[in-house]
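The values are calculated or read from the model by the stated rules, or taken from the named source; none is laboratory data. In this text the structure is predicted, and so the values were computed from the model without any measurement. Cβ placement follows ideal geometry from the backbone for every residue including glycine, while neighbour counts extend to all protein chains displayed. In case anyone asks, the SASA skips ligands and DNA or RNA and just uses the protein heavy atoms, side chains included. Shrake-Rupley method; radii C 1.70, N 1.55, O 1.52, S 1.80 Å.
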Amino acid sequence: MTEISNVARLSEPLKFAYWVPNVSGGLVVSTIEQRTGWDFDYNKKLARIAEESGFEYALTQTRYAASYGADKQHEATSFSLALLAATERLKVIAAVHPGMWHPGVLAKYIITADHISNGRAAVNIVSGWLKSEFTNFGLEWLEHDERYVRTEEFINVLRGLWTEKEYSQSGKYYNITDFTLNPAPVDVPGRAHPEIFFGGNSTAAQATAGRVADWYFSNGKDLEGFKDNIAGVVASAGEARRGTAGQLAAPRFGLNGFVIARDSEKEARDTLREIVEKAHKPAVQGFRDAVQEAGAATKDGKGMWADSTFEDLIQYNDGFKTQLIGTPEQIAERIVEYKKIGVNLFLTCYLHFQEEVAAFGRDILPIVRELEADLARKHGTELDLSITPAAQAVAV
């Protein structure tokens, strides 16, 4: 039985997101059938399905060059804006690299997207791991921990320009002088500014997230592994006095997971086995070589993908590790175990996105809500379903 963490928010319903398949090849590097398209028409329909199925967020991937078998990619910020324009409630998170964007330009872009979408734009700041994307563009490639120094300055500029007038910041990578962006982002109740997501497994990443990110994203992890990540972020947030008067709110936690829901656990496990057996071995090995070099570059060897096996990397964000595999009941129970340790959001991916996102909302999400409600009551509180996407849709 998993103990309840002191960072678990039992009265708040879990949030659910999906990876936007805006790159070709699906979300596993395998020749197994994936009824998933990377074109805009497919993604527009998917976003509307997700919105009606109880998903609150979508995360658009950022990639500029072919890697891990994905030979075609749509740019993340423009694709996100198009999805925002095609939906009514879905929040779309655009992944961006510091070093490829100036934070002031991105801040202005996101404000415009925020107004177009009535307050639904968000960003995921990705410090970068694919060296060739930077060097082949003629951009500076920083060593691992230094990338997080730049990222922290980048996030501070975003937040400052979104929340202050005549904002100034003097740093190693960015210098802003008395700058005001008008209009400001949309005033959304309960939101200080467009949400800032940020990910990474290394000690440097956890420290940065604890100081400046609204959300900490992690690759797939088992329960014990993600407990360690949460502890690192919480320690950094505590040193920054987050959650106290006059400081930033405490960070929240999101976790990646690949969902295989079937009528029986055996059927789900057989599907996973087929994915692995049909892995595109040269593409996975090439990806493994690139990312494990990046992971080994950290001072303590705890970087992203540092402990990932070949099989893990077939889902290139370690989604199998989270083990959302089995019947709807088993998956719902697993999800709530993660809530107990402090997870607030699941970032999900699938073989067949449109049909399986719909099935998640129909078959798994209702069980999750029942289990969450029971868990809350057992610990002397109530689950506040008024803040779920389903309740907000009815209110509209």
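With all protein chains in place and a 1.4 Å probe, the accessible surface of the chain carries 51 percent carbon and sulfur.
Taken per residue, the accessible surface of the chain reaches 41 Å², heavy atoms only and a 1.4 Å probe.
Cross-link partners of Lys266 among lysines, defined as those whose alpha carbon lies under 19 angstrom from its own and excluding same-chain residues fewer than eight positions apart: Lys278, Lys321. Largest first and in whole Å, the equivalent-ellipsoid semi-axes of the range 1-136 read 24, 20, 19, each the square root of five times a Cα gyration tensor eigenvalue.
For the range 305-396, the convex hull drawn through the C-alpha positions has a volume of 124 cubic angstrom per residue. When peptides 57-65, 156-164 are ranked by their average number of other Cβ atoms within 10 Å per residue, the highest-first order is 57-65, 156-164. The DSSP beta bridges internal to the chain are antiparallel in roughly 15% of cases.
Computed packing ranks the peptides 253-260, 36-43 as 253-260, 36-43, most packed first, by mean other Cβ atoms within 10 Å. Averaged over residues, the count of other Cβ atoms within 10 Å places the peptides 99-105, 174-180 in the sequence 99-105, 174-180, highest first. For Lys172, the lysines whose Cα falls under 24 Å of its own Cα, not counting residues fewer than eight places away in the same chain, are Lys108, Lys131, Lys299. Residue-normalised convex hull volume from the C-alpha trace of the range 112-230: 139 Å³ per residue.
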